[in-house]
1. Is it the case that GLY122 is at pLDDT 95 or above and exposed (fewer than 15 other Cβ atoms within 10 Å of the Cβ)?
2. May I ask you to verify whether ILE189 is surrounded by fewer than 24 Cβ atoms within 10 Å (Cβ to Cβ) and assigned to a helix (DSSP H, G or I)?
3. Pull up segment 75-91, narrow it to residues that are under 21 Å from ALA219 (Cβ atoms) and not aliphatic (A, V, I, L, M), then point me to the one that is most open to solvent (accessible area, probe 1.4 Å).
4. Could you count how many residues in segment 1-20 are over 22 Å from PRO210 (Cβ atoms), modelled with pLDDT of 95 or more and either aliphatic (A, V, I, L, M) or in contact with a Ser or Thr (Cβ under 6 Å, 6 or more places away or on another chain) (or both)?
5. Do we have any residue at all in segment 51-74 that's part of a loop (DSSP other than H, G, I, E, B), at pLDDT 95 or above, open to solvent by 20 Å² or more (accessible area, probe 1.4 Å) and of a type outside the set (Asp, Glu)?
Amino acid sequence: MNHQRVDAGAAGRWLQRGWNLFTQSAGLWVLLALVMGIIFVVLQFVPLLGSLVGALLMPTLFGGLVYGARELERGRVLELGHLFQAFREPGRAGPMLALGLVPLAAGVMSGSAGAGMASGSGGMGVGMMAGGGMLMMLISLLIGLVSGALLLFAIPRVMFGIDAPMAAIQASFSAVLDNLGAYFVLAVIYFVLAIVAAIPLGLGFLVLLPVMAGAVYTAHAEVFGDHSVEAAPQ
């Protein structure tokens, strides 16, 4: 599907609309984000499989928030069940979980890079170790940006039944490449807001996640058009 090119300032519009959607049902949005956060906290206590399951679930649950944003945009009522919308629709959970392979792979690559640098830092001086730490941060940032580019539009496209996972990932990456300005502005703003959100024991994410879900929905609607169909090839 063809996508549109937008200006870098589009990121501001997306976030503004995300905030507006949040304020329409702030209490329930916070509850959805809280339930999502509790799920991931609990998974951290599960040895070995916890992180794996968490990575696979991330796009699926965030996709539920994006689905909720669409419902509000269409004048419908936000529901707690929207968080688990992928499991409520026949044939939707599998494709959404497949998108979780992207953050899973990103985590593995970041971990491997960190382990490799740590193993080679034994004979380094303090300056070289600091430089290695900076390089590791840059590598992790690059991996995160690529992962985000693959998922930004893929999550709504699979959640709304528009594309199968691989087609959605390809469409997302292509659209991001043609809208790098808007993508980088969105990424920078999110990075700054995430730092602020993490300060009060991470409670800021109870607001940031719903706002970002609304922004992602708005971004997809603007770049691709809101072609939210009910069935897609799997």
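The values are calculated or read from the model by the stated rules, or taken from the named source; none is laboratory data. Note that this is a predicted model, so its numbers are computed, not measured. Because the Cβ atoms are built from the backbone with ideal geometry, glycine has one as well, and the counts that use them run over all protein chains shown. The protein model used for the area step is the full one, side chains on, heavy atoms only, and it has no ligands, DNA or RNA in it. Shrake-Rupley method; radii C 1.70, N 1.55, O 1.52, S 1.80 Å.
1. The answer is no for GLY122.
2. For ILE189, the condition - surrounded by fewer than 24 Cβ atoms within 10 Å (Cβ to Cβ) and assigned to a helix (DSSP H, G or I) - is met.
3. Step by step, filter segment 75-91, then rank; the result is ARG76.
4. Residues meeting the conditions: 2.
5. Yes, there is a match, as at least one residue in segment 51-74 is part of a loop (DSSP other than H, G, I, E, B), at pLDDT 95 or above, open to solvent by 20 Å² or more (accessible area, probe 1.4 Å) and of a type outside the set (Asp, Glu).
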